[in-house]
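The values are calculated or read from the model by the stated rules, or taken from the named source; none is laboratory data. Predicted, not measured: the structure shown is a model, and the values here were computed from it. Cβ coordinates were reconstructed from backbone atoms using ideal geometry, including for glycine residues, and neighbour counts include every protein chain displayed.
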């Protein structure tokens, strides 16, 4: 079955690095890449002017499509069809809801967005867009820093809270990153008061290895009341190329970060890609 990746962009030059990275990932996974741009042009139509409104709307759609196609061709190459790249534009006031509906309509296997950039209009490549999408998609969400460098990920960190859903997320992560053959490091950060962390990690490791086969996988646990700070230090120390985690609505590692308003911070300030999984798929 053919895979499809949806990359959402505002089509501005500052998003070119993210476009190139999205194309890099889609090539590695042998997936089609749909480049989506959501624009907002309100058209007031009455019974007398509906035909004119339709013409105006069609013209605006074609114009935005040509601009997006030119943007893709400039940065990826002019034979987009042969590269399995397709541009798509949608007129809608809500960017996040359009991404969600397009992802469902196209049955995509992954959605990719960029993080905040001061040059972006409509707040498209913004942390709050990524946060709005988190937990709403039926597929993984890959969030890219604005200045992402296209290179093969060699070290990937999965932040776990020892939930069964983490096991299923790791099972989904492995086929995504397998073409790059990276080291996968499973890490848990417990508050200083949680002394059962080692026992939980031993249990989780045993359960995971019963369901997942991957040669280059290791496990680490750290104790700190500053979960976000400790995670960032760990990522820097091992020179991680990507971080993955499970979005949780109720509790757990990811929710701890949300409670401190740090997911937005991570999404807008991270220097490496962040891939989010949800419990719903």
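Yes/no per residue for (1) farther than 27 Å from residue 223 by Cα; (2) at pLDDT 85 or above; (3) part of a helix (DSSP H, G or I); (4) in contact with a helix residue (DSSP H, G or I) (Cβ under 6 Å, 6 or more places away or on another chain):
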| site | (1), (2), (3), (4) |
| --- | --- |
| 129 | yes, no, yes, yes |
| 139 | yes, yes, no, no |
| 150 | yes, yes, no, yes |
| 168 | no, yes, yes, no |
| 177 | yes, yes, yes, no |
| 184 | no, yes, no, no |
Return yes when residue 54 is under 25 Å from residue 138 (Cβ atoms) and either part of a strand (DSSP E or B) or at pLDDT below 90 (or both) and no when it is not. no
Scan region 241-253 and tell me whether some residue there is at pLDDT below 60 and part of a helix (DSSP H, G or I). yes
Residues of region 73-98 classified as over 17 Å from residue 12 (Cβ atoms), in a helix (DSSP H, G or I) and either touching a helix residue (DSSP H, G or I) at 6+ places or on another chain (Cβ under 7 Å) or not assigned by TED's automatic domain parsing to the domain that holds residue 26 (or both), total: 1
Quick check, is residue 186 touching a residue at least 40 places away in the same chain (Cβ under 8 Å) and under 21 Å from residue 279 (Cα atoms)? no
